[in-house]
C-alpha cells in the first residue's frame with residue numbers, strides 16, 4: 001500500500017514520473033537512430049543463426065549436390081533405364097556420391113567428357 | 001533408386017529448413033519486440049549516466065548488438081537483466097575512457113592547471129536546443145539528473161535500474177553482478193542522498 005505521506009515514496013514516484021516523461025519526449029533523430037540500431041541487432045541474430053546452420057549442413061549439402069549431378073549426367077534425358085541396366089559401373093557413382101567437397105562440382109567438364117568417352121565405339 | 005533416395009533426402013532437408021526458418025523468425029520477432037520496449041528507456045538511462053547524446057546512442061547500439069550476438073538464443077525472460085548488465089558495462093567503459101582522456105590531456109603543456117577529475121563534458125551544453133521558457137518539469141528533471149550524477153556509481157546504477165527500469169531486486173542483482181542485499185543497500189542510500197539533495201527543490 002502506498003503511503004503518500006512518506007517522503008521517500010513521494011520522491012521515488014516523482015523521479016519515476018519525470019523519467020517516464022523524458023522517455024516520451026525523446027526526439028525524432030534519436031528514435032530513428034535507435035530504430036536502426038534495433039534492426040541491426042535483429043539482423044545480427046539472424047546472421048548468427050544462418051552461420052551456425054551453414055556450418056552444420058555444408059558437407060552434407062555438397063555430397064547431396066554431387067549425387068544429384070551424377071544422377072543427371074549418368075542418366076541423360078530420354079533414357080528411362082535404371083543405372084544398373086545401363087551397364088555403368090556403380091563404383092563410379094559411389095565415388096561421386098562420396099564426394100564431400102564442392103570441388104567436385106567444378107569438375108563437371110571432366111565428367112561430361114567421361115560420359116561421352118564411354119559412349120564412343122571401341123576399337 | 002538413387003533418384004528416389006535423393007528426393008526423400010531433399011524433402012527431409014526442406015522440412016528442416018522450414019522449421020529452421022520458423023524458429024529464426026520467431027527469435028527475431030521476440031528480440032525486436034524486446035528491444036523496441038527497452039530502447040528509449042535504455043537511451044535515457046545511458047544519457048543520464050554519460051551526459052552526452054551521441055555517447056549514449058553508441059552505448060545503446062553496442063549493447064543491443066552484444067545482446068543479439070552473445071545471448072540472442074537464451075530464453076527471452078533472461079534478456080532484460082542481461083541487456084542492462086551489458087548497458088552498465090558499456091557506461092562504465094565510456095566513463096573510464098573519459099577519465100583516461102582527461103588524465104592524458106592534463107599532461108599536455110598548458111593543461112596542468114586543470115583538475116584531473118574534471119568532467120570534460122560538464123561544460124558541454126545539452127544536445128537538444130533549450131526552449132526559451134523552462135517548464136517546471138524540465139527544471140525538476142535537470143535537478144534530478146544533476147543529483148544522480150553526484151551519486152556514487154553503484155548507488156546510481158541501483159536507483160536507475162530499480163526505479164526507472166522497474167527491475168526487481170533479483171534482476172537488479174543479476175544486472176549489477178552483486179548480491180540482493182547489496183542492491184537494497186545501494187538503493188536505500190541513493191534514495192536517502194537524493195532526498196537530502198532534492199528535498200528543498202522538490
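The values are calculated or read from the model by the stated rules, or taken from the named source; none is laboratory data. Computed from a predicted model, the values in this text were never measured in an experiment. Positions of Cβ are backbone-derived with ideal geometry, glycine not excepted, and every protein chain shown enters the neighbour counts.
Regarding residue A:29, is this residue exposed (fewer than 15 other Cβ atoms within 10 Å of the Cβ), farther than 18 Å from residue B:48 by Cβ and at pLDDT below 95? So residue A:29 fails the test.
Looking across segment B:37-58, the residues that are surrounded by fewer than 22 Cβ atoms within 10 Å (Cβ to Cβ) and at the interface with chain A (Cβ under 8 Å from one of its Cβ atoms) come down to B:40, B:41, B:53, B:57.
Residues in segment B:150-163 that are surrounded by fewer than 19 Cβ atoms within 10 Å (Cβ to Cβ) and either without any contact (Cβ under 8 Å) to a residue 12 or more places away in the chain or closer than 23 Å to residue B:174 by Cα (or both): B:152, B:153, B:154. Only one entry in B:123, B:135 is at pLDDT 80 or above, closer than 30 Å to residue A:21 by Cβ and more than 19 Å from the chain's Cα centre (by Cα), namely B:135. Screening residue B:61 with (1) surrounded by fewer than 24 Cβ atoms within 10 Å (Cβ to Cβ); (2) in contact (Cβ under 8 Å) with a residue 12 or more places away in the chain; (3) closer than 19 Å to residue A:45 by Cα; (4) at the interface with another protein chain (Cβ under 7 Å from one of its Cβ atoms) gives one miss only, at (2).
For segment B:1-108, which helices (runs of 4 or more DSSP H) that fit wholly inside it have 1 or more residues that are modelled with pLDDT under 80, in contact with a helix residue (DSSP H, G or I) (Cβ under 7 Å, 6 or more places away or on another chain) and over 23 Å from residue B:166 (Cβ atoms)?
The helices (runs of 4 or more DSSP H) meeting that bar are B:2-50.
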